[in-house]
Amino acid sequence: MVVDSHHHFWRYSLAEYGWIDDHMAAIRRDFLPAHLQQEMGAAGVDAVVSVQARQSVEETRWLLDLATQNPFIAGVVGWVPLASPTVAADLAQFVVHPRLVAIRHVLQDEPDPRFMLREDFQAGIRALRAYDLAYDILIYHRHLPQTIELVDRHPAQPFVVDHMAKPAIKQGTIEPWARGMRELARRPHVCCKLSGMVTEIGRPHWSLADLRPYFDVVLEAFGPERVLFGSDWPVCLVACGYARWMEIVQELIAPLSSGERAAILGDNARRVYRLRDP
């Protein structure tokens, strides 16, 4: 089974998606399950994990409703206010849904780079263990030192790094990102999504050669057993179509064994997120 471990749905409005700037004008529209199902069919993808794009419990509820209505949505990475004293109650209202598999907070946009290390946020992370929920880490590469400290404080908590911690691919620099990723990967409870690279390039003309050094670092550091394929659709569309991204991933992992390719393309996501078959 091929599982896209990272994509988004939204009904577009300027007020709620102000981060979609003029450079991303192509995705200033609705993206809903029917749109994704067409893309999946062309790319040979069987199931997906829907990831929050707004920090609201209303969106989490909406994504879970979509998962109920669309069996190909095998899991939802939702949002609850982890730094709130009501986090346990907020989680309790959603964990009854079998397709809630993880929680995410948009750490990359927090003004305080040490927000993730605040005690109230730490309490929220601890609350996830009671429900066997993973935590998706959305950061820029500059946040890797704090992220290492975060995961060290929670050695029993499964973590998944989104978009390879957003390396500076546009600038073509690999350090200190690579050093930080190798250090982070020494923690066996941390996995990494192979996603978001084309968006980070930030220019219309790029090649596989631009991506390969960053992929090689992630594969070497985490190994095929802790890397998850993700599309980051529809955000990826500013630089690459869905089917084309699948082709690129297939090219990158082509030298691996069939078992290793299967792990990256779906088995790891099914294990880490405890996905049920659609």
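A short reminder: the numbers here are calculations on the coordinates, not readings from a lab. Just so it is clear, the model here is predicted, and its values are computed rather than measured. Reconstructed Cβ throughout: ideal geometry from the backbone, glycine too, with neighbour counts over all protein chains shown.
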Among 163, 43, 221, flag the residue with its Cα farthest along the positive direction of the charge dipole of the chain, charges on Cβ as +1 for Lys/Arg and -1 for Asp/Glu. 221
Linear extension gain, residue 250 paired with residue 66, 0.36 nm per residue minus alpha-carbon span: 63.4 nm
Using Cα centres only, tell me the gap between segment 71-129 and segment 12-65 in whole Å. 19
Segment 1-85: mean projected area of Cα convex hull, nm²: 6.6
Estimated dipole of segment 3-272 in Debye, rounded to 20 [Cβ of Lys and Arg +1, of Asp and Glu -1, Cα centre]: 280
Suppose every K and R has +1 on its Cβ and every D and E has -1 on its Cβ; what is the size of the dipole of segment 163-236 about the Cα centre, in Debye to the nearest 20? 140
Given a 10 angstrom Cα cut-off, can you work out which residue in 157, 52, 93 is the most mobile in a GNM of the chain? 93
DSSP-defined beta bridges in the chain - what % are antiparallel, rounded to 5: 5
Using label points projected 7 Å from each Cα along Cα→Cβ, tell me how many nm separate residue 55 and residue 149, to one decimal. 1.9
Which GluC sites (Glu not before Pro) in segment 1-102 sit in a loop by DSSP (not H, G, I, E or B) and have at most 16 other Cβ atoms within 10 Å of their own Cβ? 16
Among 79, 10, what is the fewest-to-most ranking by other Cβ atoms within 10 Å? 10, 79
Mind checking which of 141, 205, 163 has the largest fluctuation in a GNM of the chain, springs on alpha carbons under 10 Å? 205
Which value results when the Cα radius of gyration for segment 105-190 is divided by 2.2 N^0.38 Å? 1.07
Choice from 17, 214, 242 with maximal GNM fluctuation in the chain (Cα, 10 Å cutoff): 17
Given 25 °C and 0.890 mPa s, compute D for the chain with the Stokes-Einstein relation, Rh being the Kirkwood radius over Cα pairs; round to the nearest whole µm²/s. 131
Go through segment 161-240 and name the trypsin sites (Lys or Arg not before Pro) that are in a DSSP coil and have 14 or fewer other Cβ atoms within 10 Å of their Cβ. 170, 186
